[in-house]
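Take a look at the structure set out below.
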Amino acid sequence: MHLSARVESTKQCVNSTANAARNFLQPNTAARLEDMFNEKVTAAESSTNANLRDLASKIPIRRGSAMDKRPSYSEILGNTMKKGGSEVGDQTEIGKSMIEVGTTFEKLGMLEREILSDVYNNFFKPFSNHLQVEWSNIATEKRRLDLARLDLDAAKSKVKAARTPETMQQNEQKAVPVSEYVFSQVRECQAAFDRQYEQTKILLTDADRKVFRV
């Protein structure tokens with residue numbers, strides 16, 4: 001498989017896996033959107049763009065990891081059962097049972113949160129950062145390569161147009177030779193394209209190499 005296609009395929013795989021991990025970490029759509037918004041705001045706070053930093057500083061967000069602050073469904077259920085058992089009375093069988101089961105659910109919820117926190121910090125977050133930083137840089141360099149290719153094609157088209165019989169005849173009649181400027185443009189565009197090609201290749205090769213180190 002071609003290097004660029006292989007890296008793109010890896011990106012799609014990482015992206016779909018990261019999205020599946022996010023859904024696993026937070027099944028609630030509204031809470032998931034809130035977390036995504038908070039992540040974007042947090043990233044903007046350390047941006048090199050002063051306007052983005054200023055905007056981010058004015059937006060109130062939940063500080064710290066949402067995984068540590070938002071109670072799990074098991075904890076909510078356990079807490080509700082314990083409260084109900086206390087109201088009924090721990091001297092009654094039903095009250096005592098509700099408190100015991102509620103305590104068990106609270107413990108399960110805490111373990112659940114530990115597991116989710118592990119998945120978030122050791123799996124989802126590295127994947128997400130990899131997508132946002134490394135592949136963002138690759139996408140930028142690939143766009144620059146496309147622009148360099150367009151500039152080179154345009155310069156070559158000018159040379160081709162200057163060499164048509166009609167144009168050459170018109171230039172001879174006007175005593176105007178094919179300008180060296182047209183050829184120098186091609187050389188400059190070719191050099192710019194070659195530089196950008198090497199820069200993009202370096203990033204793609206590095207991303208491809210990292211796949212085998214994971």
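Checked against (1) open to solvent by less than 90 Å² (accessible area, probe 1.4 Å); (2) modelled with pLDDT under 90; (3) over 36 Å from the mean Cα position of the chain (by Cα), MET98 passes all but a single condition, namely (2).
For region 109-130, the criterion of a residue being touching a helix residue (DSSP H, G or I) at 6+ places or on another chain (Cβ under 6 Å), at pLDDT below 75 and either within 30 Å of THR17 (Cβ to Cβ) or open to solvent by 100 Å² or more (accessible area, probe 1.4 Å) (or both) is satisfied by at least one position. Would it be correct to say that ARG149 is among the basic types (Lys, Arg), surrounded by fewer than 14 Cβ atoms within 10 Å (Cβ to Cβ) and at pLDDT 85 or above? The answer is no for ARG149. Here ALA31 does not fit the description of being part of a helix (DSSP H, G or I), open to solvent by less than 70 Å² (accessible area, probe 1.4 Å) and at pLDDT below 75.
The values are calculated or read from the model by the stated rules, or taken from the named source; none is laboratory data. All of these numbers come straight from a predicted model, not from anything done at the bench. Note that we place each Cβ from the backbone using ideal geometry, even for glycine, and neighbour counts take in every protein chain shown. Please note that ligands, DNA and RNA were not included when accessible areas were found on the heavy atoms of the full protein model with its side chains. Shrake-Rupley method; radii C 1.70, N 1.55, O 1.52, S 1.80 Å.
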